[in-house]
Amino acid sequence: MVNANRYLQRLIKYSLDKLLSILGLLITSPIFVFVALILKLKGQDVFFKQARVGEDGKDFWVFKFTTMPKGSEKLGLITTSNDSRPFAFGKFLRKTKINELPQLLNVLNGSMSLVGPRPLVREQIEEGLTAAEIKAFYRMRPGITGAGSLYFHHEDRLLANVAEPHRYYREVILPQKKSIEQAYAEHWNLWLDIKLLWLTIWVVILDWIGKEVTDVQLDLFKDIRKADEN
């Protein structure tokens, strides 16, 4: 009965993903047109496409709006808040999270969900996790937002303040994300996804107006933190 209920909830989750991605694409279509026009006028590609690890550890192509000159990703996979690679308009897109909007296309084609573990580059995740751990990390479809990424919503600022960002990510952040995403997958239900979506909206709004997310506000996230501690 438990497995049947979980299967039904996942069926509802992915059906809602399809519906909400279509709705989201319709609502944000003027933003897509505006951003595409600006990027084209600046001589940039509209979309940045990159292979990422997805459900069951299989690769897929993720889409974002371009925020850096072509080839910048070859200079490093870690991005910090003081990274000099993004061009001016790209910094605005990253700051407002508008650069993530094209992932609605990934949700629509079924390679991503609205909520799930963030899709990472294989080279990046293989530095800290085994093949079995990667598959467990992506028991659920990767998401536009997720438990681990919300827990480290300040990741770019955090990495900007350490001497070795790459090492810190591999040895500190990635292991914690693994635990959090494992807890998310084990304790997942539709209500948890709703809470994570609400928290995402809250965090983005606070970031837009220049306010930090407090511990009180992150209490909305207590279910994941408790699961991580057990």
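The values are calculated or read from the model by the stated rules, or taken from the named source; none is laboratory data. Quick caveat, the model's predicted, so the values are computed rather than measured. No Cβ is skipped: glycine too gets one built from the backbone with ideal geometry, and neighbour counts run over all protein chains shown.
Quick notes on this one:
- Looking across segment 17-47, the residues that are in contact (Cβ under 8 Å) with a residue 40 or more places away in the chain and within 22 Å of the chain's Cα centre (by Cα) come down to 17, 18, 20, 21, 22, 24, 25, 28, 31, 32, 35, 47.
- Taking (1) in contact with a Lys or Arg (Cβ under 7 Å, 6 or more places away or on another chain); (2) modelled with pLDDT of 90 or more in turn, residue 85 satisfies each apart from (1).
- Residues that are under 24 Å from residue 16 (Cα atoms) and either crowded, with 21+ Cβ neighbours inside 10 Å or not hydrophobic (A, V, I, L, M, F, W, C) (or both) do not occur anywhere in segment 153-170.
- Conditions (1) of a type in the set (D, E, K, R); (2) in a helix (DSSP H, G or I); (3) over 23 Å from residue 12 (Cα atoms); number of the one not met by residue 211: (2)
- Only one of 133, 127 that is at negative phi and in a loop (DSSP other than H, G, I, E, B): 127
- Condition met for residue 137 (at pLDDT below 85 and either closer than 23 Å to residue 17 by Cβ or of a type in the set (Gly, Ala, Ser) (or both)): no
- Given (1) over 20 Å from residue 119 (Cβ atoms); (2) in a helix (DSSP H, G or I); (3) not aliphatic (A, V, I, L, M), index of the condition residue 13 fails: (1)
- Checking each residue in segment 1-37 for being of a type in the set (Val, Ile, Thr) and surrounded by 15 or more Cβ atoms within 10 Å (Cβ to Cβ) picks out 28, 35.
- Residue in segment 128-136 that is touching an Asp or Glu at 6+ places or on another chain (Cβ under 6 Å) and among the hydroxyl-bearing types (Ser, Thr, Tyr) present: no
- Selection within segment 150-200 - under 24 Å from residue 82 (Cβ atoms), of a type in the set (A, V, I, L, M, F, W, C) and assigned to a helix (DSSP H, G or I): 150, 158, 159, 160, 172, 173, 174
- Scanning segment 109-141 for residues that are of a type outside the set (Asp, Glu) and free of Cβ contacts under 8 Å to residues at least 24 places away in the same chain, we see that the one that is farthest from residue 77 (Cα to Cα) is 109.
- Residues of segment 55-69 that are farther than 13 Å from residue 89 by Cβ, at pLDDT 95 or above and surrounded by 16 or more Cβ atoms within 10 Å (Cβ to Cβ): 60, 62, 63, 64.
- From 113, 72, residue being among the hydroxyl-bearing types (Ser, Thr, Tyr), surrounded by fewer than 19 Cβ atoms within 10 Å (Cβ to Cβ) and either out of contact with any Leu (no Cβ under 6 Å at 6 or more places or on another chain) or over 30 Å from residue 157 (Cβ atoms) (or both): 72
- Count - residues of segment 59-91 that are touching a Phe, Trp or Tyr at 6+ places or on another chain (Cβ under 8 Å) and assigned to a loop (DSSP other than H, G, I, E, B): 5
- Number of the exception - residue 42 against (1) out of contact with any Asp or Glu (no Cβ under 8 Å at 6 or more places or on another chain); (2) under 28 Å from residue 158 (Cα atoms): (2)
- Matching entry among 144, 173 (being surrounded by 15 or more Cβ atoms within 10 Å (Cβ to Cβ), in contact with a helix residue (DSSP H, G or I) (Cβ under 6 Å, 6 or more places away or on another chain) and either within 19 Å of residue 78 (Cα to Cα) or touching a residue at least 60 places away in the same chain (Cβ under 8 Å) (or both)): 144
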